[in-house]
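Reading through the structure tokens given below for one structure.
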Amino acid sequence: MEIVTFVLIGTVIAILIYGVLIYNNLVRLKHDVSKAWSNIDVLLKQRHDELPKLVETCKQYMKFEQETLEKVMLARSAVSRALSQGDVAAVGAAESQMRLGLGNLFAVAENYPDLKANETFLHLQSRITGLENSIADRREFYNESVNINNVRIEQFPDLILAKQFGFKPAELLEFDETELKDVDMGALFS
């Protein structure tokens, strides 16, 4: 065999190894996006399991604040529907409504000193606040994973293998305009 043949075989092997590395990285990124979404899903389920307990505790103290409680429960249902349908955009919109409802619920609690002093309410409020912070962190991680995935499947030479093997861009979890605005604390307490 001539040296040209060895060079040609070496080049083909190097290209194949490089292609396998690209493919494996694309698969890892796709699964990172799925894992990030699953992490959000777990936290949302935890919040939705604890939310009825908070609402029930509040109901014991507030009979005439039904509208606020109903909005929270409707938003909870909307999130559950969106999650079961796998609709990322709808989850983002429903989550915005949920956060507003929870803000209103906590604002209503400000008007009830007995409720604010109730140990169960304080524990649940603390737990939901912690879950909200965790969800915000997971949302950021999910969107970062989606962004990395989407950039990689559009970059050369990765896009060649991405198109060949059907890698699709993932959808960012975006927020409603109301989620991006500052909270009007005066409106929450009126």
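Taking the condition of being basic (Lys, Arg) and out of contact with any Asp or Glu (no Cβ under 7 Å at 6 or more places or on another chain), how many residues in the stretch 139-156 meet it? Full working, then the answer.
Residues of the stretch 139-156 basic (Lys, Arg): 139, 152.
Those still in the list that are out of contact with any Asp or Glu (no Cβ under 7 Å at 6 or more places or on another chain) too: 139.
Residues meeting the conditions: 1.
Look at the stretch 151-160 and say how many of its residues are part of a helix (DSSP H, G or I) and either at positive phi or buried (at least 18 other Cβ atoms within 10 Å of the Cβ) (or both).
Step one: filter the stretch 151-160 for residues part of a helix (DSSP H, G or I), giving 151-152, 158-160.
This time we only want the ones that are either at positive phi or buried (at least 18 other Cβ atoms within 10 Å of the Cβ) (or both), so: 152, 158.
Of the residues in that region, 2 qualify.
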Set Arg138, Arg152: member being charged (D, E, K, R), within 30 Å of Gly19 (Cβ to Cβ) and modelled with pLDDT of 80 or more: Arg152
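Would you mind stating whether Lys30 is part of a helix (DSSP H, G or I), among the basic types (Lys, Arg) and within 16 Å of Arg138 (Cα to Cα)?
Working: part of a helix (DSSP H, G or I): yes; among the basic types (Lys, Arg): yes; within 16 Å of Arg138 (Cα to Cα): no.
Taking the combined requirement at face value, the residue does not satisfy it.
The values are calculated or read from the model by the stated rules, or taken from the named source; none is laboratory data. The structure displayed is predicted, hence computed values, not measured ones. FYI the Cβ positions are ideal-geometry reconstructions off the backbone, even for glycines, and counts take in every protein chain you see.
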